[in-house]
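S.K.: Can you read through this structure? Questions will come right after.
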Amino acid sequence: MILVIMGVSGCGKSTVGGILAGKLGWALQEGDDLHPAANVAKMASGTPLTDEDRWPWLERIAEWIDEHIDAGESGIVTCSALKHSYRDVLRRDDVVFVHLAGTRAQIEERLTARLDHFMPTSLLDSQFATLEPLRPEEHALTLDIGPSSAELVDEIVTSLDLRTS
């Protein structure tokens, strides 16, 4: 199984993904680390990415997913996966999307407190404008980000009936 921890920037993908990977003993890939340098520079300057910018990045994430599925290994990858078309690139029978959902106010508070990330708060509105709700055919779990990261991880483990290491 591959879990794609998704949502807008600042929702807690990296934190939840890291705790969950440690709890399960699964590989973790930070999706942001697969962005081409030009994408990072563009976002850092406050310019939203276009679909054209995102396709190579999504293909790199899809390759990571395929490598793990082909090797029979479970894993977790963080990726905003905001649009249906983006999730279509990543969707496989063995992929579950875990959407960490929060209000604009919750996310803005988190982004404002974050010091070590290239994504500026100014792009938050574009993230929410791009976010498309999950469809029934997308194997998914949506969680409100109100509880602690540890509680969210426990909810993911319980909801998906995962075995911890």
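S.K.: Kirkwood-based Rg over Rh for the chain (C-alpha set), two decimals? Display every interim value, and only then the final one.
M.R.: Values: Rg = 14.9 Å, Rh = 16.0 Å.
Value, to two decimals: 0.93.
S.K.: Using θ = phi - 60° and the Karplus relation 6.51 cos²θ - 1.76 cosθ + 1.60, list the HN-Hα couplings for segment 52-69 in order, rounded to whole Hz, with x at every Gly or Pro.
M.R.: 4, 5, 7, 4, x, 5, 5, 5, 5, 5, 4, 4, 4, 4, 4, 4, 6, 5
S.K.: Something else now. Give me, ordered by chain and number, the residues 5 or more places off Ala140 or on other chains with an amide H under 5 Å from its own placed amide H.
M.R.: For Ala140, whose amide H was placed from the backbone, the distant partners under 5 Å are Phe97.
S.K.: By how many nm would the segment from Ser148 to Trp55 lengthen if fully extended, with 0.36 nm per residue of separation less the alpha-carbon distance?
M.R.: Working: separation 93, 0.36 × 93 = 33.48 nm, distance 3.24 nm.
Answer, rounded to one decimal: 30.2 nm.
S.K.: Per DSSP helix of 4 or more residues, -39500 (n - 2.57); summed, then divided by the residues of the chain. What does that give at 222 nm, rounded to the nearest 500?
M.R.: That comes out to -13500 deg cm²/dmol.
S.K.: What is the Cα centroid distance between segment 76-109 and segment 151-165, reported in whole angstrom?
M.R.: 18 Å
S.K.: What residues have an amide H closer than 5 Å to that of Leu28, excluding those fewer than 5 places away on the same chain, when H is modeled at 1.01 Å from N in the peptide plane?
M.R.: Ile76
S.K.: Whole-Hz ³J(HN,Hα) for each residue in segment 129-143, computed from phi via Karplus 6.51 cos²θ - 1.76 cosθ + 1.60 with θ = phi - 60°, x for glycine and proline: what do you get?
M.R.: 5, 7, 4, 10, x, 5, 9, x, 6, 8, 4, 8, 9, 10, 10
S.K.: Starting at the first residue of segment 149-165, write each ³J(HN,Hα) from the Karplus equation 6.51 cos²θ - 1.76 cosθ + 1.60 with θ = phi - 60°, in whole Hz, x for Gly and Pro.
M.R.: Result, rounded to whole Hz: 4, 4, 5, 4, 4, 4, 5, 5, 4, 5, 4, 9, 6, 8, 9, 8, 8.
Any read-out appearing in this document is the output of simple, stated calculations on the displayed coordinates, not a laboratory observation. Owing to the predicted nature of the structure, the values given are computational and were not obtained by experimental measurement.
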